[in-house]
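The values are calculated or read from the model by the stated rules, or taken from the named source; none is laboratory data. What you are looking at is a predicted structure, and each value in this text was computed from that prediction instead of being measured. Methodologically, a virtual Cβ is constructed for each residue, glycine included, from the backbone with ideal geometry; neighbour enumeration extends over all protein chains shown. Heavy atoms of the whole protein, side chains included, go into the accessibility calculation; ligands, DNA and RNA do not. Shrake-Rupley method; radii C 1.70, N 1.55, O 1.52, S 1.80 Å.
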Amino acid sequence: MSIGLVIAIVAVIALVVKRFYGEPMNARDTFGPPVILLAIGVYSVSKVTDLNGTDITWLIIGGAVGLAFGALRGTTIGIFTRDGHLWQRYTVRTVIVWAVSMFAGFVISALGTTMGMHHDARPTTLSIGISMVGEMCTLGLRALSTGVPFAPDKASSSSLLDRFAPPASAPMNPLYPRPNRPETEDHPPVPNHRYPNQSHPEINAAPYPSASTHPHQPPRLDHSPTLREALDWLNRTRHR
């Protein structure tokens, strides 16, 4: 077993454990690892010099089964909204599908080896990558159908700038000024030259916006979207 394979397996296990506890759902972590693992697996297969028809046949069978289990696993992952962004959490059903798919992959690999398939023709990274691509398809489709944005990347420039931004203790927008202070001798009322007949029209006319009435507030999920709802959303998008 190569060092690269060990690193890939450990990374996948860490990813599963982290998602089982729940994590923000950003585009890089959702679409990046499946593509990388699939590319590594394809590269490993391309290095097999004596690849034959038996290897290709069992590669197609194993790939189809892995893709199907991955797509099924993507429908078992919980999707919810937190802090205005998508979050995901692996469920018990997700772990069960993971276990069944690993057992099915082991059986297919054993049958292929019995039928004369070369061991190097079906690397573990390729099997995991194909399975995660299937999960990525259904999970990504469900996430897009919610209309809620993905969580920002932790290493993005926006989050870096937020570290140097002052705390938003009070809004600075002129439409939402600070509340009136009591009018005393020490604090006389501020003259309003724009509206002479009103002291502070903005305060009386425009209250502080709430999360429920904010125009840019993303929709809140009342349930985790199903695959059928995601497909309906895809059909509506195509017919627009």
* Structure fact -> Out of (1) in contact with an Asp or Glu (Cβ under 6 Å, 6 or more places away or on another chain); (2) under 27 Å from THR146 (Cα atoms), the one MET117 does not meet is (2)
* To do: Sort out which residues of the stretch 10-59 are over 15 Å from ILE77 (Cβ atoms) and either in contact with a Ser or Thr (Cβ under 7 Å, 6 or more places away or on another chain) or assigned to a strand (DSSP E or B) (or both), and write them in order of number.
  => LEU37, ILE40, GLY41, SER44
* Restricted to the stretch 60-103, and to residues that are of a type in the set (Lys, Arg) and assigned to a helix (DSSP H, G or I), which residue is nearest to GLY147 (Cα to Cα)? -> ARG73
* Just name the residue that is surrounded by the most Cβ atoms within 10 Å (Cβ to Cβ) out of those in the stretch 138-150 that are touching a Leu at 6+ places or on another chain (Cβ under 6 Å) and outside any helix (DSSP H, G or I). => VAL148
* Enumeration of residues in the stretch 69-91 that are open to solvent by 50 Å² or more (accessible area, probe 1.4 Å) and at pLDDT below 90 -> ARG82, ASP83, HIS85
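One line per residue, one yes/no per condition, for (1) surrounded by 12 or more Cβ atoms within 10 Å (Cβ to Cβ); (2) hydroxyl-bearing (Ser, Thr, Tyr):
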{"site": "ILE7", "(1), (2)": "no, no"}
{"site": "ALA11", "(1), (2)": "yes, no"}
{"site": "ALA14", "(1), (2)": "no, no"}
{"site": "ALA27", "(1), (2)": "yes, no"}
{"site": "THR30", "(1), (2)": "yes, yes"}
{"site": "VAL35", "(1), (2)": "yes, no"}
{"site": "ILE40", "(1), (2)": "yes, no"}
{"site": "THR49", "(1), (2)": "no, yes"}
{"site": "THR54", "(1), (2)": "yes, yes"}
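What are the residues in the stretch 104-137 that are outside any helix (DSSP H, G or I) and surrounded by fewer than 16 Cβ atoms within 10 Å (Cβ to Cβ), if any? So that I can check it myself, show each step before the final result.
Restricting attention to the stretch 104-137, the residues satisfying the condition of being outside any helix (DSSP H, G or I) are 115-118, 122-123.
Residues satisfying the conditions are MET115, GLY116.
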